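I have placed the structure first, in the form of structure tokens, so that the comments after it can refer back to it.
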């Protein structure tokens, strides 16, 4: 290619192409990250341009647009990985007997015998089947919320919902007060 213009002159003449593509793709660019990527794309297009293949302006538009789309996809992939990691950390942090039991104590352990069928029959009458599953697995068996979710084929959030409702119902019913002196 006969390069009659320097790259700086090309940038001055074609800088609006970058802004146009950013606007057309509805990109918010507060840190000029996409603008810099557009400049880099223009540099690549300038270096690789072959005049016999078509006009330079069309080639600039094509390269800039595709580089910006690649950056959008890259950022989306990074965000997805970051979100998945944050979700995993959140589940690990809130999973198990140690976290919710200390924040929301269900009952005092002294005075209740696990094999006291009368207590558990009355508790079971108050709760829905899913809430009873939580009591059975979490309180009686000592499973973590994650283990219950895997066992029942539901999300950890569903198990947490069972837990909240079961706790609320048991506190409101005062059924445990008769047996534990809570």
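When Rg and Dmax are taken over the Cα atoms of the range 7-93, they come to 16.8, 61 Å. Remark: the residue 57-residue 118 segment gains 13.7 nm on full extension, using 0.36 nm per residue and subtracting the alpha carbon distance. Counted residue by residue at 0.36 nm each, then reduced by the alpha carbon distance between them, the extension gain from residue 164 to residue 126 reaches 12.3 nm.
Since every read-out is calculated from the coordinates, none of them should be taken as a lab result. Only a predicted model underlies this, so the values are computations on that prediction, with no experimental measurement involved.
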